[in-house]
Amino acid sequence: MTLEEAIGILEKDIHTDPPKSAITARKHDKAILMALKALEKQISKKPIERFTGNEYVCECPICHGETYTPNEVEIQSIQYCSWCGQKLDWRHK
Ligand SMILES: [Zn+2]
């Protein structure tokens, strides 16, 4: 199962407008939203490259936390944003 398929399945499980008294349903929805947020961070996103005037820095597309541009070896160790945990896609395409 791909991450996108898992997200699609979980999204269908969210209740549409549950009544305030339906505490279990609301907790269930909250748990699903937390899971979705975590799953979405596993889908790699391209960092935003920016030149500051003397060096290239990369910015997380989600939280805009900065990291430096890793070299080919370091890419393996910087697979995730160190600020928010977003998976980063360093491939050049
Ligand atoms: Zn981030």
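Derivation of every value follows stated rules applied to the coordinates shown; laboratory data play no part. From a predicted model like this one, the values you see are computed outputs, not experimental measurements. Methodologically, a virtual Cβ is constructed for each residue, glycine included, from the backbone with ideal geometry; neighbour enumeration extends over all protein chains shown.
Miscellaneous remarks
- Residue order for Ile32, Ile43, fewest other beta carbons within 10 angstrom first, comes to Ile43, Ile32.
- Calculated FRET efficiency for the pair Lys20/Lys87, C-beta based, R₀ 25 Å, to 0.05: 0.10
- Taking 1.567 mPa s as the viscosity and 4 °C as the temperature, the Stokes-Einstein diffusion coefficient of the chain based on its alpha-carbon Kirkwood radius rounds to 84 µm²/s.
- Simple rule: put +1 on each Lys or Arg Cβ and -1 on each Asp or Glu Cβ in the chain, find the dipole, and look at Ala31, Gly53, Cys81; the Cα lying farthest toward the positive end is Ala31.
- Tilt relative to the chain, helix 23-42 - C-alpha long axis, 0 to 90 degrees, to 10: 20
- With a cut-off of 15 Å between beta carbons, the residues surrounding Cys63 carry a summed charge of +3, where Lys and Arg count +1 and Asp and Glu -1.
- Structural descriptor for the chain: relative contact order 22 percent, calculated from alpha carbon pairs under 8 angstrom and at least 6 residues apart.
- q = 0.18, 0.21, 0.25 Å⁻¹, the range 44-93: log10 I(q)/I(0) [Debye, one scatterer per Cα]: -0.49, -0.67, -0.94
- Using a 4.7 Å Cβ-Cβ cutoff, the cysteines of the chain lacking any partner cysteine are Cys58.
- When the helices of the chain are scored as -39500 (n - 2.57) per DSSP H run of n ≥ 4 and the total is divided over every residue, the value at 222 nm lands at -10500 deg cm²/dmol.
- The lysines within cross-link reach of Lys45, meaning a Cα-to-Cα straight distance under 16 Å and a gap of 8 or more places when in the same chain, are Lys37, Lys87, Lys93.
- Each peptide among 6-19, 58-71 gets the average number of other Cβ atoms lying within 10 Å of its residues, and from highest to lowest they stand as 58-71, 6-19.
- Those aspartates and glutamates that a straight Cα-Cα span of less than 17 Å connects to Lys20, excepting residues fewer than 8 apart in one chain: Asp29
- With Cα atoms, 0 to 90° folded angle of helix 3-12 axis to the chain main axis: 30
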